[in-house]
Amino acid sequence: MRRLLRILRNVVVSLLLGITVLAGVLAYNTLNHGSRQLQVAPLPPQPIDQAGAAQRLAEAIRFKTISNFLNPDQAAEPLKALHAHLAASFPAFHAASSREIVGQYSLLYAWQGSDPAAKPIALLAHQDVVPIAPKTEADWSHPPFDGVIADGFVWGRGSWDDKGNLYAIMEAAEALAKAGFRPKRTIYFAFGHDEEVSGLRGAKAIVELLASRGVKLEFVLDEGLLITDGIMTGLSQPAALIGVAEKGYATLMLTARATPGHSAMPPRETAIGMLAAALTHLEDNRLPMQLRGTAAEMFATLAPEMSVANRVVLSNLWLFKPLLMRELAKSAAIEANLRTTTALTVFNAGEKDNVLPGIAEAAVNFRLLPGDTISSVTDHVRTTIGNDKIAVSGFPGNFDPPPVSATDSAAFKALNRTIREVFPDVVVAPGLMVAATDSRHFSAIADSVFRFSPVRATGEDLKRFHGTNERLSITNYADMIRFYQRLLQTTAG
């Protein structure tokens, strides 16, 4: 009996010792994971003519610059009217810079720098907007193209995406030009007209033009991730995420063929049945979640700013990673940062209820995590469906993920510092842009490409992107102008 008690005592002591050691390791890793936030003094808010700026943005919204891939001239007149409005609204900047029209409707401005040895930079935005979902016009508090100013907001399609950024950039440049600012490095302002439908005629044409002139850019800043508040669990402060990476895009067409015939005598294998089974296999066998690259760096940067429990978990992924991944998978928005997503978007088959179709087609859209490629995803699809009777083909607009921009560059640090100066209450971290932007075309001529919109947003606000009741706070808009003004001063002054 005494021997048994001695054994039990040793087991208990070993368990207590193990728990103590584990607690020590967890505490050491957590405490050793210090803040990565830049310590900068808040910038005193620059005076902004908020009423005038809001009015100019509201006027811009009234130009229905809806892009259409199949009909590129659909918005010709609204785009030309927008160009005239820009020239009339920002005369000092237009006098200080040169303007070219590229691809018929895109705008390229060059504000010449005094130092020819300094690499130029580029600020991007796009002029076009998406259409209103059919039969939802009545759901808007104010008509989507009336450009109404009410309740402290500018309402309308494009107020956020992306005329808000475009006009904030122009407001900042106009203010600097009026004040006599002369950049040391050349600044390009590239405003595409077809971003919402691939940017092939606008941004891509601008890049080809600049490349033909031998232009190499220090960095590019385009629309992208936001300043989100109340969205990141365990983080009490707003998070400003700088998109240093962007997902690739691959739509694959799956085509099943079978013998057409009468529905009264169906064979065991039909086109619809084969294709439906293939799509089910793809949904049931999605590409794996992976905490790597930009997503891993984002969590590592945010961890020290989080609540104790979250900080312990994120600082000790060697132990808690499986638990963390299960929790992250519960949020579609977060999950999209951790895997190449699979979305079944189109299915076409059959014309009559008593006729077996000979062809069934479906489109499956993948947003590619950096590290995956169109080729690897296509291989995954063919292996997963395991049916040689189903053809797999890609869309011509597909593209692999562009290169990831480094976070230790001077350009990233300057952008980080500017955000902290203008928005002192936020924490800054690198992030992954899950949607496509015009900036991907600039990877060939830029050392760094960043995707960040200086817009504050809550979870409720995010529903307004490409949705109903898009609007921009006038106070927020003033901060956007301050941000671009400060960025130009610090990076090109």
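Count Lys and Arg as plus one, Asp and Glu as minus one, and take only other residues whose Cβ is under 14 Å from that of S443; the net charge is then -2. Rounded to the nearest Hz, the phi-derived 3J(HN,Hα) couplings of segment 394-399 under the Karplus curve 6.51 cos²θ - 1.76 cosθ + 1.60 (θ = phi - 60°) are x, 7, x, x, 5, 8, where x marks glycine and proline. Here the ratio of the Cα radius of gyration of segment 297-386 to 2.2 N^0.38 Å is 1.63. Rounded to 0.05, the FRET efficiency of the N32 and H281 pair, given R0 = 41 Å and the Cβ-Cβ distance, is 0.35.
Based on the convex hull around the alpha carbon atoms, the chain presents an average projected area of 32.0 nm². Over all Cα atoms in segment 159-296, the spread is summed up by Rg and Dmax: 24.4, 81 Å.
Once backbone amide H atoms are built at 1.01 Å from N, V449 has V220, S405 as its partners under 5 Å, excluding neighbours fewer than 5 places away on the same chain.
In plain terms, if you count all Cα to Cα distances in segment 137-214 and split them into 10 Å steps from zero, the share in each step is 15, 32, 32, 17, 5 percent. Neighbours of Y249 by Cβ distance under 11 Å: Lys/Arg scored +1, Asp/Glu scored -1, total +1. In the complete set of protein chains, residue-level accessible area for S97 is approximately 20 Å², probe 1.4 angstrom. Projecting the Cα positions of S376, V364, G224 onto the charge dipole of the chain (unit charges on Cβ atoms of Lys, Arg, Asp and Glu, taken about the Cα centre) puts S376 furthest along the positive direction. In a reduced charge model with +1 at each Lys and Arg Cβ and -1 at each Asp and Glu Cβ, segment 360-462 shows a dipole moment near 120 debye about its Cα centre. With θ taken as phi - 60° and the Karplus curve 6.51 cos²θ - 1.76 cosθ + 1.60 applied, the whole-hertz 3J(HN,Hα) list for segment 362-373 is 9, 10, 10, 9, 10, 10, 8, 5, x, x, 8, 9 Hz, x standing for glycine and proline.
A dipole drawn for the chain from +1 and -1 charges on Cβ atoms has a positive end, and of A179, Q39, F450 the residue lying farthest that way is Q39. Once the Cα-Cα distance is subtracted from the 0.36 nm per residue extended length, the D146 to A117 segment shows a gain of 5.9 nm.
Other residues whose C-beta falls under 15 angstrom from the C-beta of P47 contribute a net charge of -1, scoring Lys and Arg +1 and Asp and Glu -1.
Taking a ≥ b ≥ c as the square roots of the eigenvalues of the alpha carbon gyration tensor, segment 330-425 is prolate, as a/c is not under 1.5 and a/b beats b/c.
Translational diffusion of segment 78-145 was estimated from the Stokes-Einstein equation, with Rh taken as the Kirkwood radius over Cα pairs; at 10 °C and 1.306 mPa s the coefficient is 105 µm²/s. Taking each residue as 0.36 nm, the span from N354 to A333 lengthens on full extension beyond its C-alpha to C-alpha distance by 3.4 nm. FRET efficiency for the pair K178 and A138, taken as 1/(1 + (r/R0)^6) with r the Cβ-Cβ distance and R0 = 51 Å, rounds to 0.75. If the viscosity is 0.890 mPa s and the temperature 25 °C, what translational diffusion coefficient in µm²/s does Stokes-Einstein give for segment 201-259 when Rh comes from Kirkwood over Cα pairs? Taking Rh from Cα pairs, D becomes 150 µm²/s.
Under 5 Å between amide hydrogens, built in the peptide plane, is the criterion, and for G431 it picks out I242, G243, V244, A245 among residues at least 5 positions away or on other chains. Rounded to the nearest whole Hz, the Karplus-based 3J(HN,Hα) values (6.51 cos²θ - 1.76 cosθ + 1.60, θ = phi - 60°) of segment 330-346 follow the sequence 6, 10, 4, 5, 6, 4, 4, 7, 10, 8, 6, 7, 10, 10, 7, 10, 9, with x at glycine and proline.
Between S98 and A211, residue separation times 0.36 nm minus the direct Cα-Cα distance comes to 38.9 nm. Per residue, the chain exposes 46 Å² of solvent-accessible protein surface, assessed with a 1.4 angstrom probe and all protein chains in place. With contributions of -39500 (n - 2.57) from each DSSP H run of at least four residues, the per-residue ellipticity at 222 nm computed over the chain stands at -11500 deg cm²/dmol. Computed about its Cα centre, the charge dipole of the chain is approximately 1800 debye, with only Lys, Arg, Asp and Glu carrying charge at their Cβ. Here the accessible area of the chain is 56 percent carbon and sulfur, with a 1.4 angstrom probe and all protein chains present.
Between amide H atoms placed 1.01 Å from N, distances below 5 Å from G224 occur with F452, S453, all of them 5 or more places distant or on a separate chain.
Grab the beta carbon distance between T475 and L323, set R0 = 51 Å, and tell me the FRET efficiency rounded to 0.05. Once the sixth-power term is evaluated, E becomes 0.80.
The values are calculated or read from the model by the stated rules, or taken from the named source; none is laboratory data. These numbers were taken from a predicted model, which means no experiment stands behind them. When we count neighbours, we look across all protein chains shown, and the Cβ atoms used for this are built from the backbone with ideal geometry, even at glycine. Remember, those area values only see protein heavy atoms, side chains included, never the ligands or the DNA or RNA. Shrake-Rupley method; radii C 1.70, N 1.55, O 1.52, S 1.80 Å.
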